[in-house]
Each structure stands twice: as structure tokens, then as C-alpha cells.
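The values are calculated or read from the model by the stated rules, or taken from the named source; none is laboratory data. The structure presented is a predicted model; accordingly, all values stated were derived computationally and were not measured. Backbone-built Cβ (ideal geometry, glycine too); neighbour counts: all protein chains shown.
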Amino acid sequence: MRLLFGNDDKIVSVKFSKDGKYLATASYDSKIIIWDANSFSKKLEIISTIDKFNYSGLVSIDFSPDSRYIASGSNRGNVILWDAFSGRQVQILPSPNFSVYNVEFSPNGKYLAVSLLNSQVMFIILKTGR
């Protein structure tokens, strides 16, 4: 058993990359940490400055099928695409104005499904962001 330390608040989402090489954790401190799944060493730390304040931390993450991107969703309703290798913010997707419960890429990586706490699902076409 291994314990991973790095997030400063409750970890609310963990996901393995589709290729199994990485593990990502997301927490209420608005931090995503990407870990090497073999050595358990920290590879990258991403802080969502949009979600850093007002107790609106991250609640869900998912790797794209090619493991190149991570989608994050927050209590504030922000949905963001991140480059999983550089940590760069790639795109802020349309805000649902409701807290996000879960984000998930489609198997082909062309779509992102976002479940909201108002009992709706938002379906985003990633190429256009709509």
C-alpha cells in the first residue's frame, strides 16, 4: 500500500489515465496532481486559479482517451481543459452556472459529458466548445 501526499484539502476525485501510466487527484484546494502510476512520484501540479477562492474547489476530473488532456469541473460550475503534460490551461468551456458533479470524456475524445447538481447533463462538443 502507498499513501500519496500533496493535496491540501479533501481529495474528491481520482482517475487513472486511459493508458494506465498516470494517476490524477483533484481536491477542494483547487489542485490537480498528476502522479506517475509506477513510481508514485509527483509529475505535475496544476492549480486552478479560477476555482482557488470562495471555497469552490474541484470536484471531478477525467483524462482524455489519449491521456493528453484533463478536464476538471468545480463547485463554481467551471469546466476547464488542461494540458496533462505542461499543466497549461487549454480552454475554459461554457459555464453551466450550476455546480458540477462529474466530467467524463467520450471514448473517442470528441465530447465531454458534464453532470450538474441541478439534475441535468451538459454535452459539449470539444472541437467547438459548444
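Does any residue in the stretch 10-32 that is over 13 Å from residue 44 (Cα atoms) come within less than 7 Å, Cβ to Cβ, of a residue that is at pLDDT below 95 and of a type in the set (D, E, K, R) six or more places away or on a different chain, and which pairs are these?
27/9; 27/10; 28/9; 28/10; 29/8; 29/9; 30/51; 30/52
Restricting to the stretch 63-112, and then to whatever is of a type in the set (A, V, I, L, M, F, W, C) and surrounded by fewer than 18 Cβ atoms within 10 Å (Cβ to Cβ), can you tell me which residue is farthest from the chain's Cα centre (by Cα)? Reasoning before the result, please.
So the first thing to find is which residues in the stretch 63-112 are of a type in the set (A, V, I, L, M, F, W, C), and the list is 63, 70-71, 79-82, 84-85, 90, 92-93, 98, 100, 103, 105, 112.
Remaining after also requiring surrounded by fewer than 18 Cβ atoms within 10 Å (Cβ to Cβ): 85, 90, 92, 98.
Working: 85: 13, 90: 12, 92: 12, 98: 16 Å.
Once the filter is applied, the top-ranked residue is 98.
Do we have any residue at all in the stretch 17-32 that's over 14 Å from the mean Cα position of the chain (by Cα) and hydrophobic (A, V, I, L, M, F, W, C)?
Checked the stretch 17-32: no residue is over 14 Å from the mean Cα position of the chain (by Cα) and hydrophobic (A, V, I, L, M, F, W, C).
Determine, yes or no, whether residue 80 is modelled with pLDDT of 85 or more and more than 14 Å from residue 15 (Cβ to Cβ).
Values: modelled with pLDDT of 85 or more: yes; more than 14 Å from residue 15 (Cβ to Cβ): yes.
For residue 80, the condition - modelled with pLDDT of 85 or more and more than 14 Å from residue 15 (Cβ to Cβ) - is met.
Can you tell me which condition residue 21 does not meet? The list is (1) surrounded by 16 or more Cβ atoms within 10 Å (Cβ to Cβ); (2) under 29 Å from residue 2 (Cβ atoms); (3) basic (Lys, Arg), and all the others hold.
(1)
Let's see how each residue does on (1) in contact with a Lys or Arg (Cβ under 8 Å, 6 or more places away or on another chain); (2) without any contact (Cβ under 8 Å) to a residue 60 or more places away in the chain; (3) under 22 Å from residue 29 (Cβ atoms):
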site: 65; (1), (2), (3): yes, yes, no
site: 68; (1), (2), (3): no, yes, no
site: 75; (1), (2), (3): no, yes, yes
site: 92; (1), (2), (3): no, yes, yes
site: 105; (1), (2), (3): no, yes, no
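Could you list all residues from the stretch 34-49 that are among the β-branched types (Val, Ile, Thr) and surrounded by fewer than 21 Cβ atoms within 10 Å (Cβ to Cβ)? Walk me through how you get there before you give the answer.
Of the stretch 34-49, the ones among the β-branched types (Val, Ile, Thr) are 34, 46-47, 49.
The answer is 47, 49.
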